[in-house]
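S.K.: Would you mind keeping the following structure in view while I ask a few things?
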Amino acid sequence: MELITYWISILPELGNGVINTLIMTFLAVSMSAVLAVILAMGRMYGPRIISTLCKWYIEFFRGTPLLAQLFIIYYGLPSWGLNFSSFTSAVLAFGLNSGAYVAEYLRGAVQSIDKGQMTAGLAMGMTKFTAIRKIILPQALRFVIPPWSNDVIYTLKYTSIAFLVGAQELMSKAKIIASFNFRFIDTFVFVAIIYLILVLLLTLFFNWLERKLKIPGFEIKN
Amino acid sequence: MEERKEILRVEDLHKSYGTNKVLQGISLNIKQGQTKVIIGPSGTGKSTLLTCVNYLNPPDKGRIWLEGEEIIYSEREINKIRQKKGFVFQQFNLFNHLTALGNVMVGLTEVLKKKKKEAREKAMYELERVGMADCAEQYPAELSGGQQQRVGIARALAMDPLLIMFDEPTSALDPELMGEVLDNMTKLALEGMTLLVVTHEMGFARAVADDIIFMENGRIVEEGPPEKLIMNPEKKRTIEFLQKITQLYGED
Amino acid sequence: MIEYLPGLFRGVIVTIKLGFSFFIFGFVVGNIIAIGQVYGNKFISLFCAGFAWVFRSLPALVILYLWYFGFNLSPFLAAVLALGLRTAAYQSQFFRGAIQSIARGQMTAARSLGMSKLRAVVKIIMPQMLRLSLPYISNEYAITIKDTSLAFAIGVVEILKEGRLIITVLHNPMDIFMIIAVIYLIITRGGTYLLSLLEKHYRIPGFEISN
């Protein structure tokens, strides 16, 4: 009972953290979505040089830890004269990182679409660009929803490392509260519950979204 | 003629899935060296009967004897009972990660605890028997359906079972591959192995079966030797079924 | 610069040791969880599913803190347990998917030979499941190596921490970070290459994952 009272007493402060976590996630995810389409299209349909650059980008961001990327942006870039706040650095790191992953999901989805779809589009007199935009992407984006929603949840969870460069979010608030009250376990158990609830809500939302966008007979065989 | 030993006896077997009564009191027995063939329309519980007899799918009610001894179902005992009853599946069910030889050996090494060398010799002997020795090192996916089923038979044989049950062993095969499997089954019957076979192959039934059992809606309608059941059936349903199946499969 | 390389090298060793420890821990626990979830009774199955869900849903950092502050463990041990449970949860789901993609007839055939359920799982199901999971395992390995960097947060002196220490002296963050990035790429890439060799070695004709 005492524990519940403690949790209620720290809830307002943690609530502020939750809001920042959600804002950070939202910004990073939006950035990642745009970036992913550009990277995937660049890698698949771009000229040789663009394609190679996109591939390197993806390799780098998928092959190194997110925390290292965050440090590079926050501690490294200033030596090149680029200064970002800790919050902006975090959004940039999560967005740039997630974009690389989602680009690969998107590429996989595009490649799983029947070649005949592109041919049919071209046969109708569409340009390649139009066929990609009007025929390929609308299908690929549906296919990519399940892995993409996983990635959004990943991003939400990984925003917790933003506090390691001093950004204000759920985890940093928790750390402050825990040290102030000397109640680490009590605080972090509550934080764990909050994260579980957030993940659960997101999962339910994505399940709903998937159902809503479903086209009959056009399911992902898993 | 001396009385042959009874291998399997089943009495009043019942099995339901929800409200669907698949088996409604099946009784039968097989003596040593006999071949019994079960025929009947699909969905009448023929395959369920075989899996119930082996407790792969425990019956709701009924008693089963093996070599005169009643089977008392328990997790421990049942594994020993199953060793004595070979099973050949419609879908072959060869272990995907093992070669043909490995498939035949695995029961010997893992269940009967035989030494590797001994198991290998025994397995090679059984593969030889079904004419598959040349393919011993190949994996299931590299074999044709007919070849897979012959390995399936060798796998069952290797355990030296009292009887072998065949669950529609040729239904998943292209017509031109059925022959090699049926030939092997005929050979086994002639060698004196006890067989319980569910099949639609009337040619096999007529030539090899000692008895044919006609089953419908979870009951045995009629049972008798081929010359009687095929040439001179008593029950109206048997006649209708035989007519239909001749239309479908021809008079071979 | 040269004189600081041994420090980085020490960090690499810690990173590899940490990564391998909790990857293997996760592999073992993941197997148990998957098998429990598929073949266990209702209670065990539900427990395993719950375990997998919780540890996949929590941020790694939260799990790290709970172990570190909750049980008074050394940073290294806390990191192995915390990150190990996280990867165990993920690995269990690949294994479970693989088990469920194996035809039911495989189990039936094993039981018809007289194998006990446990023996059938060990001898027939697991060898197939592990082969089917290899591509996912290799992906998870890369994630594991990258996740070692999170142990930094509870004071494990791995490569990223060593790097930070050097930066405080040399004030050349970009050089050091780039070296570290390349090292990570080598460890992740090298490992996935080795795993792909393993995959090739254990490949069975006609038994591949259509990916």
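S.K.: Take region B:55-66 and flag every residue that is of a type outside the set (A, V, I, L, M, F, W, C) and either under 15 Å from B:Val22 (Cβ atoms) or at pLDDT 90 or above (or both).
M.R.: B:Asn57, B:Pro58, B:Pro59, B:Asp60, B:Lys61, B:Gly62, B:Arg63
S.K.: Just to be sure I understand, how many residues within region B:164-210 are part of a strand (DSSP E or B) and more than 14 Å from the chain's Cα centre (by Cα)?
M.R.: Qualifying residue count, region B:164-210: 0.
S.K.: Can you tell which of B:Ala100, B:Ala119, B:Ala136, B:Ala156 is surrounded by fewer than 23 Cβ atoms within 10 Å (Cβ to Cβ) and under 21 Å from B:Gly179 (Cα atoms)?
M.R.: Every option except B:Ala136 fails the conditions.
S.K.: May I ask you to verify whether A:Ala131 is within 30 Å of C:Ile166 (Cα to Cα) and small (Gly, Ala, Ser)?
M.R.: No; evaluated as a whole, the condition is false for this residue.
S.K.: Please return the ranges of helices (runs of 4 or more DSSP H) entirely within region A:23-116 where 3 or more residues are surrounded by fewer than 21 Cβ atoms within 10 Å (Cβ to Cβ).
M.R.: A:48-63, A:86-111
S.K.: I want to confirm something. Restricting to region B:61-70 and keeping residues that are surrounded by 17 or more Cβ atoms within 10 Å (Cβ to Cβ) and hydrophobic (A, V, I, L, M, F, W, C), which single residue is nearest to the other protein chains (Cβ to nearest Cβ)?
M.R.: B:Leu66
S.K.: Turning to a different aspect of this structure: Name the helices (runs of 4 or more DSSP H) wholly inside region C:103-164 in which the number of residues that are within 14 Å of chain B (Cβ to nearest Cβ) and not aliphatic (A, V, I, L, M) is 3 or more.
M.R.: Once the helices (runs of 4 or more DSSP H) in region C:103-164 are filtered for at least 3 residues that are within 14 Å of chain B (Cβ to nearest Cβ) and not aliphatic (A, V, I, L, M), what remains is C:104-112, C:126-147.
S.K.: Residues to consider are C:Arg111, C:Arg119; find the one that is without any contact (Cβ under 8 Å) to a residue 12 or more places away in the chain, in contact with an Asp or Glu (Cβ under 9 Å, 6 or more places away or on another chain) and of a type in the set (D, E, K, R).
M.R.: Matching residue, one of C:Arg111, C:Arg119: C:Arg119.
S.K.: Of all residues in region B:1-25 being over 12 Å from B:Asp60 (Cβ atoms) and among the aliphatic types (A, V, I, L, M), which is surrounded by the most Cβ atoms within 10 Å (Cβ to Cβ)?
M.R.: Only one residue fits best here, namely B:Leu8.
S.K.: Here is a follow-up. Which of (1) free of Cβ contacts under 8 Å to residues at least 60 places away in the same chain; (2) on the phi < 0 side of the Ramachandran plot is the odd one out, the single condition B:Gly152 does not satisfy?
M.R.: B:Gly152 satisfies every listed condition except (1).
S.K.: Kindly indicate which of C:Phe76, C:Phe23, C:Phe43, C:Phe51 is of a type in the set (A, V, I, L, M, F, W, C) and surrounded by 21 or more Cβ atoms within 10 Å (Cβ to Cβ).
M.R.: The unique qualifying residue is C:Phe23.
S.K.: Would you confirm whether or not region B:115-134 contains a residue that is of a type outside the set (Gly, Ala, Ser), within 11 Å of chain C (Cβ to nearest Cβ) and touching a residue at least 40 places away in the same chain (Cβ under 8 Å)?
M.R.: Looking for residues that are of a type outside the set (Gly, Ala, Ser), within 11 Å of chain C (Cβ to nearest Cβ) and touching a residue at least 40 places away in the same chain (Cβ under 8 Å), one finds none in region B:115-134, hence no.
S.K.: Quick check on my filter: what residues within region B:94-114 are under 25 Å from B:Ser144 (Cα atoms), within 7 Å of chain C (Cβ to nearest Cβ) and not polar (S, T, N, Q)?
M.R.: Those that are under 25 Å from B:Ser144 (Cα atoms), within 7 Å of chain C (Cβ to nearest Cβ) and not polar (S, T, N, Q): B:Phe95, B:His97, B:Val106, B:Gly107.
S.K.: Taking the options B:Gln34, B:Gln24, B:Gln91, B:Gln83, name whichever one is closer than 30 Å to B:Arg206 by Cβ, within 12 Å of chain C (Cβ to nearest Cβ) and in contact (Cβ under 8 Å) with a residue 24 or more places away in the chain.
M.R.: On inspection, the qualifying residue turns out to be B:Gln91.
The values are calculated or read from the model by the stated rules, or taken from the named source; none is laboratory data. All values derive from a computational prediction rather than experimental measurement. We place every Cβ from the backbone using ideal geometry, glycine too, and count neighbours over all the protein chains shown.
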